[in-house]
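Heads up: the structure comes next, in structure tokens.
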Amino acid sequence: MYCGSCIRDNALAAELLAQGHQVILIPTYTPTLTDEPNVSERHVYFGGVSVYLEQRYSFFRRAPRFLDRLWDSPLLLKLLSRISIRTSPEELGELTVAMLRGENGPLRKEFEKLVEGLRELPRPDIVSLPHSLLISAAAPIRRALGVPVCCTLQGEDLFLDGLREPYRSQSLELIRSHAGAVDAFLPVSDYYAGFMRDYLRIPAEKIHTVPLGINLHGYPAASPEAKLETRNSKLEKPFTIGYFARVTPEKSLHLLAEAYCLLRKERGLPPSRLEAAGYLAPEFRGYLRDIEQQLAAAGLAGEFRYHGVLSREEKIRFLSGLDVLSVPSTYAEPKGIYLLEAMACGVPFVQPRHGAFPEIAAKTGAGVLFEPDNVVALADALFGLWLDSARREELARNALAAVRQHYSVSRMAADTVAVSEKVLAGRASQPRNVGTPAAAPA
């Protein structure tokens with residue numbers, strides 16, 4: 001799958017490199033997959049096969065390194081990652097806890113390999129972890145390199161809350177115990193800053209929001225007039241509602257399908273289109289079939305299409321063909337990168353009033369909010385935009401301008417550099433404290 005976190009981190013690294021900074025982007029578990037030129041290193045740390053084997057079988061914790069090199073081969077990991085493997089948190093509790101126990105757990109060898117590898121690279125000024133599920137690496141890195149460590153926060157609570165007990169409670173306790181080894185946390189939205197401050201019990205002074213940004217290369221021109229002329233030349237095109245995200249119950253394509261049925265059968269919306277795209281995991285194929293059957297029962301099967309996983313060019317073409325985007329998530333999302341991508345194509349959005357969506361709507365003026373989990377409210381919002389084409393055009397103009405002003409990758413890079421410089425300045429003015437490994441709970 002194209003991973004939103006990988007896309008975000010790769011875009012940030014590429015932009016920092018373009019601005020003249022020295023950046024090394026290190027993959028973990030598997031090689032990264034992004035729909036833009038990949039700037040990550042070839043070598044993968046915490047290789048998925050090694051982590052699995054060492055967590056399950058004690059023999060592999062003492063196995064010779066030449067065997068590790070076989071398991072950690074980027075070619076092997078890439079081949080294995082093509083297999084549709086279930087990654088539900090319900091099945092990964094024990095492995096998550098093992099990872100978060102860090103040096104004190106069954107994966108000690110993997111942490112030693114990471115530190116050894118980092119010592120062979122040019123010494124960095126600062127190290128940034130991609131999310132708190134890797135926070136157990138903070139203390140070993142600080143101790144080995146003597147540099148500050150930051151940690152991005154970009155949606156890991158959904159995974160953590162999906163863990164079975166006692167693994168969820170153990171994982172949270174471990175993350176909190178490692179937080180002292182992190183110099184700064186960088187959530188991707190103001191909403192997530194407040195949420196994770198309480199969720200992980202992080203001191204407020206350690207939190208610095210760095211909003212998402214996207215690479216705008218290849219997107220339509222920023223001119224609203226050019227975009228609207230293209231749209232107005234296709235007035236005969238049916239009203240098109242789009243969904244672009246992973247196809248999972250929490251992203252709630254089923255709610256959008258229910259709202260579409262309501263619009264067509266009860267509100268008087270003429271024949272239109274419901275277009276969906278995004279990664280579909282094996283365990284959710286039945287979920288998509290249920291949605292297709294629901295639409296077929298309403299006589300609307302011919303108005304729905306699932307496009308599957310899209311390349312970057314296909315993504316831009318798909319989004320550019322929409323009149324409105326809606327991903328009515330039932331959980332409070334911290335990111336919403338798909339909203340930024342839609343706005344970059346001049347497409348307004350209809351989203352639930354929770355998570356990062358209210359702040360994106362307030363900052364951009366490019367969308368409409370509705371009460372979460374309310375199909376009628378969702379249908380009302382969509383119907384209102386269909387009725388009011390002038391309003392849609394206003395939102396489209398706002399989208400094109402605001403995403404370039406507030407959510408560009410250059411803005412994200414500048415914010416990241418500013419936080420890094422602040423951390424380094426604070427570090428220089430204080431006595432050196434490289435942290436200690438956190439003890440695992442009994």
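Kindly indicate whether residue 276 is in the same structural domain as residue 313 (by TED's automatic domain parsing) and either free of Cβ contacts under 8 Å to residues at least 24 places away in the same chain or buried (at least 19 other Cβ atoms within 10 Å of the Cβ) (or both). When the stated conditions are applied, residue 276 passes them. Within the stretch 25-34, the set of residues being out of contact with any strand residue (DSSP E or B) (no Cβ under 9 Å at 6 or more places or on another chain) and modelled with pLDDT of 90 or more is empty.
Could you tell me whether the stretch 313-320 includes any residue that is under 19 Å from residue 248 (Cβ atoms) and either at pLDDT 95 or above or in a helix (DSSP H, G or I) (or both)? Looking for residues that are under 19 Å from residue 248 (Cβ atoms) and either at pLDDT 95 or above or in a helix (DSSP H, G or I) (or both), one finds at least one in the stretch 313-320, hence yes.
Which count do you get for residues in the stretch 96-108 that are crowded, with 18+ Cβ neighbours inside 10 Å and in a helix (DSSP H, G or I)? Residues meeting the conditions: 7.
The set of residues in the stretch 76-96 that are modelled with pLDDT of 80 or more and not charged (D, E, K, R) comprises 92, 93, 95, 96. The condition of being closer than 26 Å to residue 390 by Cα and not assigned by TED's automatic domain parsing to the domain that holds residue 35 holds for only one of 335, 363, that being 363.
For first residues located in the stretch 163-177 and part of a loop (DSSP other than H, G, I, E, B), partners that are surrounded by fewer than 16 Cβ atoms within 10 Å (Cβ to Cβ) and lie 6+ apart or on another chain with Cβ distances below 6 Å form the pairs 164/90.
When you scan the stretch 26-33, do you find a residue that is assigned to a loop (DSSP other than H, G, I, E, B), within 22 Å of the chain's Cα centre (by Cα) and of a type in the set (S, T, N, Q), even just one?
Yes: the stretch 26-33 contains one or more residues that are assigned to a loop (DSSP other than H, G, I, E, B), within 22 Å of the chain's Cα centre (by Cα) and of a type in the set (S, T, N, Q).
Checked against (1) touching a residue at least 24 places away in the same chain (Cβ under 8 Å); (2) over 17 Å from residue 171 (Cβ atoms); (3) in contact with a Pro (Cβ under 7 Å, 6 or more places away or on another chain); (4) surrounded by 15 or more Cβ atoms within 10 Å (Cβ to Cβ), residue 41 passes all but a single condition, namely (1). The sole residue among 260, 287 that is within 30 Å of residue 219 (Cβ to Cβ), of a type in the set (Phe, Trp, Tyr) and in contact (Cβ under 8 Å) with a residue 40 or more places away in the chain is 260. Filtering the stretch 116-132 to residues that are touching a residue at least 24 places away in the same chain (Cβ under 8 Å), of a type outside the set (Gly, Ala, Ser) and either crowded, with 18+ Cβ neighbours inside 10 Å or in contact with a strand residue (DSSP E or B) (Cβ under 9 Å, 6 or more places away or on another chain) (or both) leaves 118, 126, 129, 130, 131. Of all the residues in the stretch 362-399, those that are crowded, with 22+ Cβ neighbours inside 10 Å and within 22 Å of the chain's Cα centre (by Cα) number 4. Among the residues of the stretch 325-369, which ones are among the polar types (S, T, N, Q) and under 20 Å from residue 254 (Cβ atoms)? Those that are among the polar types (S, T, N, Q) and under 20 Å from residue 254 (Cβ atoms): 326, 329, 330, 351. Restricting attention to the stretch 251-267, which residues are in a loop (DSSP other than H, G, I, E, B) and either at pLDDT below 95 or of a type outside the set (D, E, K, R) (or both)? If the condition is that a residue be in a loop (DSSP other than H, G, I, E, B) and either at pLDDT below 95 or of a type outside the set (D, E, K, R) (or both), then 252 is the only one that fits. Checking each residue of the stretch 48-61 against the condition of being exposed (fewer than 15 other Cβ atoms within 10 Å of the Cβ), assigned by TED's automatic domain parsing to the domain that holds residue 422 and more than 30 Å from residue 161 (Cβ to Cβ) gives at least one match. Scanning the stretch 181-238 for residues that are at pLDDT below 90, farther than 21 Å from residue 402 by Cα and not in a helix (DSSP H, G or I) turns up 233, 234, 235, 236, 237. Restricting 311, 326, 320 to residues that are buried (at least 23 other Cβ atoms within 10 Å of the Cβ) and polar (S, T, N, Q) narrows the list to 326.
The values are calculated or read from the model by the stated rules, or taken from the named source; none is laboratory data. Remember, predicted model here, so these are calculated numbers, not experimental data. Neighbour counts are summed over all protein chains in view; Cβ atoms, including those assigned to glycine, are modelled from backbone coordinates with ideal geometry.
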